[in-house]
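Engineer: Quick one: this structure, given as structure tokens, is what I'll be asking you about.
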Amino acid sequence: MRMEEASKIMNKKVNTGYMVSFERKVGRMLESGCFPDKENGESLIKTEKEAWALAVKFASRTKGEYVNIHVVKSDFTPVDGYKSKLIKNR
């Protein structure tokens, strides 16, 4: 690898923040997803509190269709204490 390539990787802006994670019923299976779409360059939610508020609002409008709604960090790992706040939405 050239130094120029390595420098681009090391200097790349890190997209930090939070996302709302969910599972969606597809037939008898569950398909996972999250929003905003970090992989396609969308800015993440700035605070965990705001992310949980969006999770609650999303759950209230998708009962039974989207389940296991919770907040994850920018590296797709659940936030601390997510199990006690998990929205089953069934």
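Read the figures in this text as sums done on the coordinates, not as results from a lab. Note that the coordinates shown come from a computational prediction; the quantities given were computed from them, not determined experimentally. In this analysis, Cβ positions are derived from the backbone assuming ideal geometry, glycine residues included, and neighbour counts consider all displayed protein chains.
Engineer: Give me a count of the residues in region 17-41 that are closer than 16 Å to Pro78 by Cβ, surrounded by fewer than 17 Cβ atoms within 10 Å (Cβ to Cβ) and among the polar types (S, T, N, Q).
Structural biologist: 1
Engineer: Moving to a separate point now. Given (1) touching a residue at least 40 places away in the same chain (Cβ under 8 Å); (2) in contact with a strand residue (DSSP E or B) (Cβ under 9 Å, 6 or more places away or on another chain), where does Val14 come up short, assuming only one miss?
Structural biologist: Looking at each condition in turn, Val14 falls short on (2).
Engineer: Quick one: in region 1-23, of everything that is touching a Leu at 6+ places or on another chain (Cβ under 7 Å) and not β-branched (Val, Ile, Thr), which residue is farthest from Gly64 (Cα to Cα)?
Structural biologist: Among those residues, the one meeting the criterion is Asn15.
Engineer: Name every residue in region 31-56 that is in a loop (DSSP other than H, G, I, E, B) and closer than 13 Å to Ser21 by Cα, in order of residue number.
Structural biologist: Scanning region 31-56 gives Pro36, Asp37, Leu44.
Engineer: If Glu5 satisfies every condition in (1) among the acidic types (Asp, Glu); (2) loosely packed, with under 11 Cβ neighbours inside 10 Å; (3) in a strand (DSSP E or B) but one, which is the exception?
Structural biologist: (3)
Engineer: Same structure, new question: Those residues that are surrounded by 14 or more Cβ atoms within 10 Å (Cβ to Cβ) and touching a strand residue (DSSP E or B) at 6+ places or on another chain (Cβ under 6 Å), I need them from region 74-90; list them, please.
Structural biologist: Within region 74-90, Pro78, Val79, Tyr82, Leu86, Ile87, Asn89 meet the criteria.
Engineer: In addition: Within region 57-82, can you find the residues that are closer than 15 Å to Met19 by Cβ, part of a helix (DSSP H, G or I) and of a type outside the set (D, E, K, R)?
Structural biologist: Across region 57-82, the qualifying residues are Phe58, Ala59, Tyr82.
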